[in-house]
Each structure stands twice: as structure tokens, then as C-alpha cells.
Amino acid sequence: MAACRAATSARAAELGDDALRAQPDPAFSPIGWHIGHIAYTEALWLTPGADPHPEWELLFRQDGMPKWARRNLPSAPQLAEYLAAVRALALARLESGLSDDELPIWRFVLQHEAQHAETVSIVRRLAGIDGTPPGGTVRAEDEELVAVPAGLARQGHDGPEALDNERPVRAVELPAFRLSRRPVSERQ
């Protein structure tokens, strides 16, 4: 949980209020919304009834408001404080131990944060924060593609931390294909 939070925090640490509230693509919520949603979800599932900012529920619930309306966010310091306060409550709860029934919920919350941290990386790229002009990418003709031969590939996961859509482990026959070493645009 600490490593995941460090990765999440690193993706937003240097961003000011304007960058956290920007919505560079209508298909994605602003970065700040993802940060607040991570904290809200952790509080909801791991410390029910103890959310330090219950007044933000409508803002950070997945179904609380449409993506275009998610720009009126708390400030960067308030979002950072929210993440820290919820995590402190969760860790205090963890000190009392977990039952076998509770462990999957904690794993879900961890995977949920990792998913939203990945989405934050996408929004950063769309916004041009990471050195790529908004909407820009490497030209297809300049891209090195890696050839992957046809064959059986193992897909899925059966471990206790696996999500329902990852089960069961199975063999899948894949045709040969080429794969870019970097993200590409939909047009490419």
C-alpha cells in the first residue's frame, strides 16, 4: 500500500490547482478528481463512516456527477491532506488485524488505486505535462515495432488478489503481431 501510494503521489505532487482541475479530454476526469476519488473509495471501503470529508461524497463518487462537472475541486494541498488523512485512518484500522473476509476488500482498494494512478498517467500525457504536446505522439514511421511470434499465451490469474475479470488462468492462441515500444495514438 505504501509503494502504490508513493507512485500515486508522485504523479500529482508537482501539479498546481490549474493542472489538477484541467480536463484535456472529455473522456477523462481531471487528475484532481482521480486523487480525491482514490481517497473517497479508500474511506468508503476501509473505514466506513469515518471519511474526514463526507461533504465531498457527491464530488468523488463514481456516479456523483458527470466528468465535465468534476473540475470544481478542492485545492492541491486539500487533496493531499485528504489522501493522507484517509490513509492514516486505514492504517490505524489495519493495526487491529484483518479477517479472511476483509482481505479481499483491502486488495480491491489497492488495485483500485493502482488503476486510477494509471489513468492519471494517461491524463498527464493528454495534457502535455510529461513533455508530449497535447494530442502528440511519436510518428508511426519513426517507431520501432517488436515482432511477437504466434503461439500460446497464458492469460488470467487465479491468486487471491485476482479480480473477477482476471479469472481463470487459461491458454489463449495468439496470431503473430507487432507491438510498439511506446504508446501510440488511436489514429496510428
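Some points to look at:
- Listed residues GLY128, SER9, GLN111: farthest to the positive end of the dipole of the chain (Cβ charges): GLY128
- Check: the chain dipole with +1 on Lys, Arg Cβ and -1 on Asp, Glu Cβ, in debye: 460
- Surface exposure of the stretch 1-118, expressed per residue as accessible area with a 1.4 Å probe, stands at 51 Å².
- Convex hull projection area averaged over all views, the stretch 23-154, Cα basis, nm²: 12.0
- Once C-alpha pairs closer than 8 Å and six or more residues apart are averaged by separation and normalised to the residue number of the chain, the relative contact order reads 21 percent.
- Taking every Cα-Cα distance in the stretch 68-112 and sorting them into 5 Å bins from zero, the calculated P(r) comes out as 5, 17, 18, 20, 15, 12, 8, 4, 0 percent.
- Estimated 222 nm signal from helices in the chain, with DSSP H stretches of n ≥ 4 weighted -39500 (n - 2.57), rounded to 500: -13500 deg cm²/dmol
The values are calculated or read from the model by the stated rules, or taken from the named source; none is laboratory data. All figures in this text were calculated on a predicted structure; none of them were measured in a lab. Virtual Cβ from ideal backbone geometry, glycine too; neighbours counted across all protein chains shown. In case anyone asks, the SASA skips ligands and DNA or RNA and just uses the protein heavy atoms, side chains included. Shrake-Rupley method; radii C 1.70, N 1.55, O 1.52, S 1.80 Å.
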